[in-house]
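Only one structure is covered here, and it is reproduced in the block below.
The values are calculated or read from the model by the stated rules, or taken from the named source; none is laboratory data. A quick note: this is a predicted structure, and the numbers were derived from the prediction, not measured. Every residue, glycine among them, receives a Cβ derived from its backbone with ideal geometry; neighbour counts consider all protein chains shown. These accessible areas exclude ligands, DNA and RNA; they are computed on the full protein's heavy atoms, side chains included. Shrake-Rupley method; radii C 1.70, N 1.55, O 1.52, S 1.80 Å.
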Amino acid sequence: MRLTFDDTVESFRSTFRAWLGENRPSEEEMTADPAVSSAHLPGWARRWTRRMFDDGWLVPGWPPERGGRDAAPVETLVYLEELERARVPRTTNPQGLGIVAPSIFEFGTEEQVSRYAMPILRGEKSACLGMSEPGAGSDLASLSTRATAEGDGFVVNGQKVWTSGASHADFCFLFCRTDPDAPKHKGISVLLVDMDTPGVTVRPLPHITKPEQTDLNEVFFTDAVVPAANLLGQLNNGWALAGASLAHERGMVWLGTVMELESTFDRLAAEAREILPRLPAFEQAHAADQIVRCYVDVQAAKCLGYRSFAKLARGGSAPEQALMKAFCSESHRRLHLVGSELHGDGGLDVWDARRGEQAWIEQYFNSFGGTISAGTSEIQRNIIAERVLGLPRG
Amino acid sequence: MDLELSEEELELRDNVRGVLAAACPPSLVRSVFEGKDTGDALWEQMVGLYWPALALPERVGGLGRTFVDVTIVVEELGRAVAPGPYLATVTQFTPAVSELGSPEQADRFLAPVAAGETTGTLAVAEHGRWEPAAVAAVARPEGSDWVLTGSKSTVLDADTADEVVVVARATDTAGIDGLGAFVVPGDELEAFPRRVIDPTLRICDVVLDDIEVPADRVLAEPGAGGTTQALRRVLDEATVAVAASTIGACRRIFEMTLDYAKEREQFGRPIGSFQAVKHRIADLYSIVERSTALLYFAALTIAEDDPRRREAASLAKAAAGDCQRLVAEDGLQLHGGIGMTWEYDLHLLLKRAKAGEALFGTAASHRAELARSLELVAP
Ligand SMILES: Cc1cc2nc3c(=O)[nH]c(=O)nc-3n(C[C@H](O)[C@H](O)[C@H](O)COP(=O)(O)OP(=O)(O)OC[C@H]3O[C@@H](n4cnc5c(N)ncnc54)[C@H](O)[C@@H]3O)c2cc1C
């Protein structure tokens, strides 16, 4: 148990920090042309990804030909710390870099790697994840989008929903049913579908607080023809691909979330220092207590994250990981709730003119994205209870 | 930052857990609850294993290990609801002497602690408040000696400890730090044991009736300066140790509840298969893990003397407080009727968990401390 890292790790940090200082996209570039969905690659984002790839800073734990430098896990951890500290996004297509590209490297053919995975690493293509459907959310394995083998390919019919970034993505990592007679987990395959394939249409779903925002979409497939060469991995083995991601970084995804929690807390505390002195004593004490509770949660999440990382880095298992998703997203949601309540009637305002961004109440509604997507908090509790703690399935 | 126990630390934990499983079974704890045993034999065994010497410097016969190791031991003592003078001697008396006294005094009072010959405690709280500002007991100079009067509350082991560090204040030191600290032989105090929910913790109130303290037993003379700061450091250690004891008890309650949910069947299936039960157990696990992570962060800041130690101690104690609230409540509820019996072990742990909440500042008082340090409210 130690508070500090070894010198070699710290010198890795300085090397990256210096590179980042010279090569990062500027605030002006980023605000002038912001990414408006999770598969949108504005010009600066394309150039930034390419620069990181060329210099081996995109996925440090990977070899140079995949945009890395064979870094050790703890080096990747400090790399992520530095990126967060500089408030530079690593990518504007997180599902592409974090899930789609690694899955293609793991399960794909050489051709799939060169046509789909490498372009993601070079900032040339972005990807969306087509998993959820109107009838298949938490119970993903009940999905019914059909891919029927026909000629030298598949014909796809069905509908996806909540597909983040679909209107900007170049291709979709599509889960579909290829054997309707098999048990539900056994008849699923993954296809890489170009979004400009005839028969693929995208309908943006206006968002709860920003109806003009186009991140969430419905995607309809009507007799869309996909070449057999775009089948990823084995036919009917798609369920095995559902959990793939940057495996060596899986123990670190909490880091970005925790640093986001910390900066949200700092903002909350700064506003509270102005507002609290104006409140009557009882309300002041109550509000201060709510805020301190948030602080305890944020610090606990951080310590839990570092502890689980240390276990993984030593080659052990880290059951804490299972807790992090639900706890961090719920803490994030609570911070925004407390933030909106702190402002009293002003908490109803949707725009924070001083900061020039959405105010707490809207961000509170947005924060449910964290507790709903990628396995709801309830599903996380099922997973913890059954897989980590060994309670019987109900 | 590496917040996982090292090989050596894990070994210590397993070792301590093994010893306590044999030497401090629930039957012993129950006997102490019932007034049929004092637990003295257990203390002798701890002394034989050098547990009191663990973090003391080699100079006084200690093993020179860190506060993380002490935290590990105390967490295990909480898990076993162990009776005895370890907590007060090692995590209150010892830091009080080291932080407040001179090197000569440290040698004089701590060498016998390392050897297991002396037990001690710390009398700082008054009316259930531990913050230095709440100290009202009076220290009056008489030549080179001092005379103490007033009262102290919630002193652990005050009726059995060999030596007691008493914190009192000189009244005619306007404008300067009037706090002082004195080592008083236990038998010179009037200690009134209270009947508390966890009788393995000997919580006493104390009356100081003109106690004369010779100069060589004055750890910190009133007006010497820096005493409040030093006392705060002592409180950091004692606070984290109480959090450790609480979390040790909580983790055991969680484990018992989990086992019970797998075993106990109703409606033809294990109660742990009902989602209403399952999700609550997942939440218990989460809160125990979170509090443990904050606990060891705090222990580490003390071991490495990091400037964040004060804040980390309050974070750990606040988290331990919320942890015991949830774990005691759901732990007992999910056991159904069996949890309400004297014969079943659960209540021993519930009581230890509750006792921890009230010692060295409640969760609410530590959140108040954090609100001040975050500058949310006026100091
Ligand atoms: C912001 C956002 C972005 C998203 N991005 C994508 C994306 O890019 N690609 C994609 O494929 N999907 C995406 N999703 C979809 C997301 O994965 C699903 O919304 C999620 O899996 C839940 O499914 P559902 O919405 O159908 O809710 P349902 O599964 O219908 O759940 C409704 C409620 O019932 C509860 N519930 C369901 N089953 C159980 C159970 N067994 N036990 C206890 N409670 C249960 C849930 O917890 C929830 O509270 C996104 C969602 C959001 C909000």
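So what are the ³J(HN,Hα) numbers for segment A:100-106, from phi and the Karplus equation (6.51, -1.76, 1.60; θ = phi - 60°), rounded to whole Hz, Gly and Pro as x?
5, 4, x, 5, 5, 4, 6
Filter the cross-link list B:K262/B:K351; A:K160/A:K186; A:K160/A:K184; A:K325/B:K351; A:K125/A:K184 down to pairs whose alpha-carbon distance in this structure exceeds 27 Å.
The pairs that break the limit, which is 27 Å between Cα atoms, are A:K325/B:K351; A:K125/A:K184.
Once the Cα atoms of helix A:281-313 and of chain A are each reduced to a long axis, what angle between those two axes, in degrees from 0 to 90 to the nearest 10, is obtained?
With both axes taken from Cα atoms, the answer is about 50 degrees.
Segment A:3-49 to segment B:199-220: how many Å between their Cα centroids?
59
Could you work out [θ]222 nm for chain A from helices alone, using -39500 (n - 2.57) per DSSP H run of at least four and dividing by all its residues? Round to the nearest 500 deg cm²/dmol.
-13000 deg cm²/dmol
Could you tell me what percent of the DSSP beta bridges with both partners in segment B:121-224 are antiparallel, to the nearest 5?
Here the share of antiparallel DSSP bridges comes out near 85 percent.
Using a 1.4 Å probe over the heavy atoms of the protein chains, calculate the carbon and sulfur portion of the accessible area of segment A:127-236 as a whole percent.
53
Could you work out the mean count of beta carbons from other protein chains within 10 Å of each residue's beta carbon in A:326-333?
Mean shielding by partner chains, rounded to a whole number: 1.
Could you give the longest part of chain B that holds none of the chymotrypsin sites (Phe, Trp or Tyr not before Pro) found in DSSP loops with at most 12 neighbouring Cβ atoms within 10 Å?
B:1-266
For B:L122, which sequence-distant residues (separation of 5 or more, or a different chain) have an amide H within less than 5 Å of its own amide H, given hydrogens modelled in the peptide plane?
B:F93, B:L156, B:V165
Which of A:G369, A:G108, A:G61 moves most in a GNM of chain A, Cα contacts under 10 Å?
A:G369
Between segment B:296-353 and segment A:254-271, what is the C-alpha centre distance in whole Å?
If we compute the Cα centre of each part, the gap is 26 Å.
Once amide H atoms are placed 1.01 Å from N in the peptide plane, what residues at a sequence separation of 5 or more from B:I203, or on another chain, have their amide H within under 5 Å of its amide H?
B:D157, B:R194
Might you work out the accessible area of A:L342 for me, using a 1.4 Å probe with all protein chains in place, and round it to the nearest 10 Å²?
10
Among A:K325, A:K186, what's the order by accessible area (1.4 angstrom probe), most exposed first?
A:K186, A:K325
At 1.4 Å probe size, with no ligands or nucleic acids counted, give the accessible surface of A:S263 in Å², nearest ten.
Probe radius 1.4 Å; accessible area of A:S263 about 40 Å².
Shielding of B:215-228 by partners, i.e. mean partner chain Cβ atoms within 10 Å per residue?
Partner-chain Cβ atoms within 10 Å, mean over residues of B:215-228: 0.
Taking amide H positions as placed in the peptide plane 1.01 Å from N, state which residues far from B:E190 in sequence (5 or more) or on other chains have amide H under 5 Å from it.
Those qualifying (amide H under 5 Å, at least 5 residues apart or on another chain) are B:V207, B:D209.
Run the 1.4 Å probe and let me know the accessible area of A:R46, rounded to the nearest 10 Å².
Looks like 100 Å² after rounding.
Considering only protein heavy atoms and a probe of 1.4 Å, how much of the accessible area of segment A:241-388 is carbon and sulfur, as a whole percent?
57
Extension gain B:A364-B:D305, at 0.36 nm per residue separation less the Cα-Cα distance, in nm?
18.7 nm
Can you compute the modelled spin-label distance between B:Q275 and A:H185, with each label point 7 Å from Cα toward Cβ, in nm?
1.9
First compute the accessible area of segment B:25-139 with a 1.4 Å probe, then give the percent of it belonging to carbon and sulfur atoms.
Roughly 53 percent, rounded to a whole number.
Does anything in segment A:165-187 have its amide N under 13 Å from the 7 Å Cα→Cβ label point of A:R146, and if so which residues?
It comes to A:177-181, nothing else.
Could you sort B:I247, B:I197, A:I275 by their accessible area in this structure, using a 1.4 Å probe and putting the largest first?
From most exposed to least exposed: B:I197, A:I275, B:I247.
Would you mind giving the mean number of other chain beta-carbons within 10 Å of the Cβ of each residue in A:2-11, as a whole number?
For this peptide, the per-residue mean of nearby foreign Cβ atoms is 3.
Sort A:W44, A:W351 by accessible area with a 1.4 Å probe, largest first.
My answer, sorted largest first, is A:W351, A:W44.
For segment A:249-394, what is the accessible area per residue in Å², given a 1.4 Å probe and the full set of protein chains?
Using a 1.4 Å probe on heavy atoms only, each residue of segment A:249-394 averages 44 Å².
Ordered by residue, what ³J(HN,Hα) values in Hz, to whole numbers, does segment A:73-90 give under the Karplus form 6.51 cos²θ - 1.76 cosθ + 1.60, where θ = phi - 60° and Gly and Pro are x?
Values per residue, Gly and Pro as x: x, 5, 5, 4, 4, 5, 4, 5, 4, 5, 4, 5, 4, 7, 6, 10, x, 6 Hz.
What shape does segment A:82-172 take by its C-alpha gyration tensor, where a ≥ b ≥ c are the square roots of the eigenvalues and a/c under 1.5 counts as rounded, a/b above b/c as prolate, and the rest as oblate?
It comes out oblate by the Cα gyration axes.
Would you mind pulling out the separation of the Cα centroids of segment A:64-129 and segment B:1-76, in Å?
Cα centroid of segment A:64-129 versus Cα centroid of segment B:1-76: 48 Å apart.
Taking chain A as a Gaussian network, Cα atoms linked when under 10 Å apart, which of A:R278, A:R122, A:R47 shows the biggest mean-square fluctuation?
A:R278
If you restrict to DSSP beta bridges whose two residues both lie in chain A, what percentage is antiparallel, to the nearest 5?
The answer is about 85 percent antiparallel.
Could you go through segment A:45-56 in sequence order and give the Karplus-derived ³J(HN,Hα) for each residue, using 6.51 cos²θ - 1.76 cosθ + 1.60 with θ = phi - 60°, rounded to whole Hz, and x for Gly and Pro?
So the J values, rounded to whole Hz, are 5, 4, 5, 5, 4, 4, 5, 5, 4, 4, 8, x.
Express in nm, to one decimal, how much length is gained between A:D6 and A:I372 on full extension, taking 0.36 nm for each residue of separation and deducting their alpha carbon distance.
Additional length available on full extension: 127.9 nm.
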